[in-house]
Amino acid sequence: MTPVAADKKRRKFDPQTFLSTIDGGRTTAAFPPKRMIFVQGDSADAVFYIQEGKVKLTVVSKSGKEATIGILNDGDFFGEGCLTRQLLLMCSATAFADCTVMRIDKKSRMDVIRRESAFSDRFVANLLTRNIRYEEDLVDQLFNSSEKRLARVLLLLAHFGKEGKQEVAIPTISHETLAEMVRTTRARVGFFMNRFRKLGFVRYNDELAVHSSLLNVVLHD
């Protein structure tokens with residue numbers, strides 16, 4: 001075995017290094033809040049990875065009605081439809097907060113998935129986690145009150161359970177966007193947010209602070 005071949009064999013593929021370096025079809029870009037990353041109907045020719053920040057996904061119906069289908073966090077992939085021969089993007093992606101996003105062209109992504117099992121496992125695990133989240137969202141819509149749904153959305157936005165903090169600050173989010181995610185009216189969101197604030201579940205400053213005690217609303221029958 002040649003020295004070069006031996007060196008390649010010794011080197012172990014690191015998915016995180018791959019997702020943090022620019023090379024071979026990978027580019028990164030920083031987006032301020034509300035800046036579009038891509039628009040529904042654009043060509044589906046790449047997968048995106050959130051290195052830092054949050055991204056909001058929205059869809060617009062033929063009649064022009066817009067709905068928020070999810071807010072993703074750092075470490076999440078999106079735009080993966082191109083890997084299943086999807087020609088056009090089915091949603092729009094907007095920076096929800098300051099974020100840095102890596103764009104990985106389709107060929108580069110397919111190559112690394114086929115070649116590196118460690119990366120393939122991480123990618124599939126991320127997609128499965130999102131699918132589970134969508135299933136939970138459906139169950140939430142079918143069986144829970146709008147107050148519980150709002151509490152759950154706020155807890156998910158605050159990423160509770162990831163770091164074990166009692167209170168987490170998230171970028172200020174409009175009642176209109178929350179209403180889209182909860183599938184209720186803006187007035188109902190305003191009513192419940194005021195109630196949460198009076199009970200100490202949330203605080204308003206420059207950011208929206210969500211306290212872990214809000215979980216009581218979700219667990220209460």
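A few notes on this one:
- In region 76-221, lysine pairs with alpha-carbon atoms under 24 angstrom apart (chain gap of 8 or more, or interchain): 4
- Peptides ranked, highest mean first, by Cβ atoms within 10 Å: ranges 144-152, 83-91: 144-152, 83-91
- Subtracting the Cα-Cα distance of V124 and A67 from their residue separation scaled by 0.36 nm leaves 17.9 nm.
- Acute angle (nearest 10 degrees) that the helix 146-157 long axis makes with the longest principal axis of the chain, alpha-carbon atoms: 40 degrees
- Extension reserve of the A169-E52 stretch, reckoned as 0.36 nm per residue once the Cα distance is removed: 40.6 nm
- Long-range amide H partners of D42 with built H, under 5 Å: L89
- Helix 186-198 vs. the chain, principal-axis angle (Cα, 0 to 90°, nearest 10): 80 degrees
- Helical contribution to [θ] at 222 nm, DSSP H n ≥ 4, -39,500 (n - 2.57), averaged over the chain, rounded to 500: -12000 deg cm²/dmol
- To the nearest ten degrees, helix 106-115 and the longest principal axis of the Cα atoms of the chain are 70 degrees apart.
- For the chain, the relative contact order comes to 19 percent (Cα pairs under 8 Å, sequence separation of at least 6).
- The trypsin sites (Lys or Arg not before Pro) of region 175-219 that meet both conditions, a loop assignment by DSSP and at most 15 other Cβ atoms within 10 Å of the site Cβ, are R183.
- For the chain, the percent of C-alpha pairs falling in each 5 Å distance bin, counted from 0 to the bin holding the largest distance, reads 1, 6, 12, 17, 18, 15, 11, 8, 6, 3, 1, 1, 1, 0, 0.
Every number here is computed from the coordinates shown, using simple stated rules; none is lab data. Since the structure is predicted, the reported quantities are computational estimates derived from the model, not experimental observations. Reconstructed Cβ throughout: ideal geometry from the backbone, glycine too, with neighbour counts over all protein chains shown.
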